[in-house]
Amino acid sequence: MKKILITGSNGLLGQKLVYALIKRKDVQVIATSLGANRLLKQEGYIYESLDITNRSEVETVIKKYQPDVIINTAAMTNVDACETKREECWALNVTAVQNFVDALQNPSPSERGRGEVKTLFIHLSTDFIFDGKKGSEYVETDKPDPQSYYARSKYESEKVLEKSMIKWAIARTIIVYGIVDNMSRSNIVLWAKDALTKGQKINVVDDQFRAPTLAEDLADGCILIADKNATGIFHLSGKETMSILELVYKVADYWHLDKTLITPSKSNTLNQPAKRPPRTGFDISKAKRELGYEPHSFVEGLEILDKQLKEV
């Protein structure tokens, strides 16, 4: 039985991974996150509280479970908060990855006696490592040029892995949306739907372009990497690049909400601390070819989300 350890299991992607993997008979899931387990379903897997910034805790949990795969979804992803809380950002996004690398590169004597550590470390990264000047269709080999502290931290975490001696894969993604248990943070789709449902006026940028990614699709992509024991960098996102304004219009259309509440705006009017790339979007052909990754369309994603919201 393959042992898969997930970090950040309380988060959006982490929960989707837990729920997808516990359906399988060939996988033992070790879910980890900081503090209490926030998933409604608490059977069928092991839960451990884990502070990934604490090196000794990371070493302890790896020695205890000796996972075949680690999927690192834990990160500080609030782009503006990363700009102002730089030490916290670096600890969660870079130091934590180094902690895992060190623990996997330096096994205990008993583990060393069993031969080379075979753990595959799958790390989540972001489209924000690019400057957005190329436009959409970024491929895995395009040169990063991070424009914010968050982006820089994620690029540095990639370099930590690339310089390491462990077996690794990097899954870069874009603007993930979905619904989870005990959600502490919203995402662009739920925010827009909620605001428009309440009749609130919202300003939405029309000069930033992204490929929104359904959380279930991203989880499937990560599981495909684990199943195929694949290494290297993979771009995993939705297949349609659109402006944030178009995205919000599509949300309004799907739920028959009032589009006159939406005011188009420009990025430079928002006074956000962190700079964003104007246009990203991935060429996902490598993931399709090598992993069999097939994401839903955005409207299909909204249909899945709508069904889940009705079940809550």
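The table below lists the values:
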{"read-out": "Residues 235, 296, 256 arranged by fewest to most Cβ contacts within 10 Å", "value": "256, 296, 235"}
{"read-out": "Alpha carbon Rg of region 113-239, scaled by the compact-globule rule 2.2 N^0.38 Å", "value": "1.24"}
{"read-out": "Hits among aspartates and glutamates - C-alpha to C-alpha of residue 143 under 16 Å, sequence gap 8 or more where chains match", "value": "127, 131, 156, 158, 162, 283"}
{"read-out": "For the chain, calculated [θ]222 nm from helices alone, where every DSSP H run of n ≥ 4 adds -39500 (n - 2.57)", "value": "-11000 deg cm²/dmol"}
{"read-out": "Selection from 209, 192, 17, by position along the positive dipole direction of the chain (Cβ)", "value": "17"}
{"read-out": "Listed residues 185, 172, 86, most fluctuating in the chain (Gaussian network, C-alpha, under 10 Å)", "value": "185"}
{"read-out": "Percent RCO, i.e. relative contact order, over region 219-312, from Cα pairs under 8 Å lying at least 6 residues apart", "value": "49 percent"}
{"read-out": "Assigned charges on the beta-carbon of Lys, Arg, Asp, Glu; region 135-281 dipole about Cα centre (debye)", "value": "460 debye"}
{"read-out": "Relative contact order computed over region 1-93 (Cα-Cα under 8 Å; 6+ residues apart), in percent", "value": "33 percent"}
{"read-out": "Cα-derived Rg over Rh, computed across the chain with Rh taken as Kirkwood radius", "value": "0.96"}
{"read-out": "Principal axes of region 1-133: Cα extent on each, largest first, Å", "value": "45, 36, 31"}
{"read-out": "For region 153-232, size of Cβ-based charge dipole, Lys and Arg +1, Asp and Glu -1, in debye", "value": "180 debye"}
{"read-out": "Residue-wise HN-Hα coupling along region 267-277, computed from phi with Karplus coefficients 6.51, -1.76, 1.60 (Hz; x: Gly, Pro)", "value": "4, 6, 8, 8, 6, 7, x, 9, 7, 10, x"}
{"read-out": "Over 32 Å (Cα to Cα) - which of 133/163; 25/167; 63/275; 23/239; 64/275 fall in this group", "value": "63/275; 64/275"}
{"read-out": "Nearby lysines by direct alpha-carbon distance to residue 198 (threshold 22 angstrom, same-chain neighbours under 8 apart not counted)", "value": "250, 259, 307, 310"}
{"read-out": "Value of D in µm² per second that Stokes-Einstein yields for region 165-226, Kirkwood Rh from Cα pairs, at 37 °C (0.692 mPa s)", "value": "231 µm²/s"}
{"read-out": "Whole-angstrom gap from region 193-270 to region 29-63, using each part's C-alpha centre", "value": "29 Å"}
{"read-out": "Kirkwood Rh, angstrom, region 243-312 [1 / mean 1/r, Cα pairs]", "value": "15.3 Å"}
{"read-out": "Quotient of C-alpha Rg and 2.2 N^0.38 Å, computed over region 178-261", "value": "1.31"}
{"read-out": "Cysteines in the chain lacking a second Cys C-beta under 4.7 Å", "value": "222"}
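FYI, it's all coordinate maths here, none of it is from the lab. Here the structure is a predicted model, which means the values were calculated and not measured. Glycine also receives a Cβ, built like all others from the backbone with ideal geometry; neighbour counts cover every protein chain displayed.
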